[in-house]
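The values are calculated or read from the model by the stated rules, or taken from the named source; none is laboratory data. A quick note: this is a predicted structure, and the numbers were derived from the prediction, not measured. Here the Cβ positions follow ideal geometry from the backbone for every residue, glycine too, while neighbour counts run over all protein chains shown.
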């Protein structure tokens with residue numbers, strides 16, 4: 001990403017109030033009678049948001065405005081000016097702001113030799129950092145405490161230093177354990193983000209390391225919020241690996257409960273808390289605990305978004321799960337739902353939606369159209385999912401590829417069906433996706449469009465239905481797609497009626 005893209009994205013991320021604040025800041029930097037930085041800001045702001053940064057269009061506008069003689073320097077200054085405006089108009093102090101203030105006070109007290117006030121400030125800072133689990137910063141203040149102790153009453157030096165070293169030892173132990181747990185979680189999360197529900201060899205290797213690690217196997221919650229958070233999140237992946245959906249849901253609820261037990265951590269990690277809530281809704285869906293959806297989503301809705309980025313995050317998650325709830329409580333999604341998704345939401349929050357969630361939302365729309373026999377719309381979405389240039393949620397791309405085969409059958413495109421089937425098999429072979437149950441089901445599916453009579457068709461349908469037995473779902477990528485039985489059941493019923 002080049003510098004001009006940076007400035008474009010920065011300006012496009014601003015809210016209306018932040019843009020007004022910038023205008024006030026920029027008015028203090030007028031050169032002569034014309035404020036070229038405000039003009040440059042307006043040019044960026046006028047560029048279409050949806051299409052992304054267009055250098056050619058931007059330069060045309062520069063020529064029209066008669067600015068841009070020193071464009072590289074002006075861009076950098078504009079960027080600095082926008083950041084200055086954001087800093088100066090920030091309404092809430094962050095934990096980092098407060099820690100920096102403690103450090104500034106420490107410098108003042110040290111320079112003025114106000115040792116008693118300095119000690120109180122250091123103790124207050126350590127307590128504050130511990131409250132918010134900022135362990136690295138605790139070490140900074142412990143070092144300041146040690147320096148102060150060396151300058152104070154020598155009679156107390158030994159006991160003071162011993163106390164500081166004991167505190168330092170405890171913090172290092174916390175940091176070491178937190179680093180280990182965080183490393184496990186990050187690797188498991190990375191595998192999930194890329195592969196979705198697929199259990200890869202690499203993921204199994206990490207699980208094996210976990211099971212051999214006393215820190216994980218003998219972990220007891222209660223030492224620190226961040227340790228418990230990392231442990232519960234690892235346990236979510238562990239439960240998923242064990243195909244234990246009840247435990248998977250329980251550990252997601254534990255994360256939400258942990259946050260609620262430390263409300264100050266919600267204040268400083270509001271987006272992370274909301275994501276924890278959304279993930280818990282997802283875990284509830286695995287158990288079809290649809291009745292839990294509204295109360296969980298209300299927890300997230302109760303915390304209003306503070307900026308456009310957070311607003312986009314809320315939109316993609318709440319829209320996704322309300323869509324999921326609607327699909328699974330007997331309410332069919334209409335074409336208008338898709339139009340609302342694209343026109344009212346996606347266009348507005350395109351830059352805020354992560355690809356994994358976008359792919360999942362499109363996947364759900366695809367399934368919704370499929371379940372009510374809107375074959376063409378489902379096929380359009382399947383094609384769009386497959387053409388997305390991303391490595392995330394490969395399980396959903398697999399579902400779309402598989403669904404294409406069924407859609408081609410329904411659309412009567414037998415020639416295309418054969419071509420797509422060969423491509424699907426190649427894709428599965430390259431990615432090592434088809435297990436024995438998948439291969440057997442696919443073999444039957446390849447026969448179905450070419451059945452010559454009702455009897456043969458019914459036999460193949462029944463064989464496919466038997467292959468879709470619930471006991472095989474956990475080991476079958478095809479059956480996990482969730483479309484096999486909903487597609488087969490009405491066909492079997494119709495076949496039996498015709499037979500009668």
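Of all residues in segment 405-418, exactly one satisfies the criterion of being part of a helix (DSSP H, G or I), farther than 13 Å from residue 445 by Cβ and modelled with pLDDT of 90 or more, namely 416.
Is one or more of the residues making up segment 419-436 buried (at least 17 other Cβ atoms within 10 Å of the Cβ) and at pLDDT below 80? Yes: one or more hits. Of the residues making up segment 295-310, just one is part of a helix (DSSP H, G or I), more than 14 Å from the chain's Cα centre (by Cα) and either in contact (Cβ under 8 Å) with a residue 60 or more places away in the chain or under 18 Å from residue 92 (Cβ atoms) (or both), namely 308.
Restricting the first member to segment 255-277 and to residues that are in contact (Cβ under 8 Å) with a residue 60 or more places away in the chain, and the second to residues that are in a helix (DSSP H, G or I) and surrounded by 15 or more Cβ atoms within 10 Å (Cβ to Cβ), the beta-carbon pairs closer than 7 Å and six or more apart or on different chains are 265/225; 265/259; 268/95. Scanning segment 98-146 for residues that are more than 20 Å from residue 164 (Cβ to Cβ) and surrounded by fewer than 12 Cβ atoms within 10 Å (Cβ to Cβ) yields a count of 4.
Residue 265 is checked against (1) at pLDDT below 85; (2) farther than 19 Å from residue 248 by Cα; (3) in a helix (DSSP H, G or I); (4) in contact with a helix residue (DSSP H, G or I) (Cβ under 9 Å, 6 or more places away or on another chain) and fails just one. What number does that condition carry? With respect to (1) at pLDDT below 85; (2) farther than 19 Å from residue 248 by Cα; (3) in a helix (DSSP H, G or I); (4) in contact with a helix residue (DSSP H, G or I) (Cβ under 9 Å, 6 or more places away or on another chain), residue 265 is out only on (1).
Quick check, is residue 392 assigned by TED's automatic domain parsing to the domain that holds residue 490, over 21 Å from the mean Cα position of the chain (by Cα) and more than 14 Å from residue 411 (Cβ to Cβ)?
On the way: assigned by TED's automatic domain parsing to the domain that holds residue 490: yes; over 21 Å from the mean Cα position of the chain (by Cα): no; more than 14 Å from residue 411 (Cβ to Cβ): yes.
It is false that residue 392 is assigned by TED's automatic domain parsing to the domain that holds residue 490, over 21 Å from the mean Cα position of the chain (by Cα) and more than 14 Å from residue 411 (Cβ to Cβ).
When residues in segment 437-460 are screened for being surrounded by 14 or more Cβ atoms within 10 Å (Cβ to Cβ) and in a loop (DSSP other than H, G, I, E, B), 1 of them pass.
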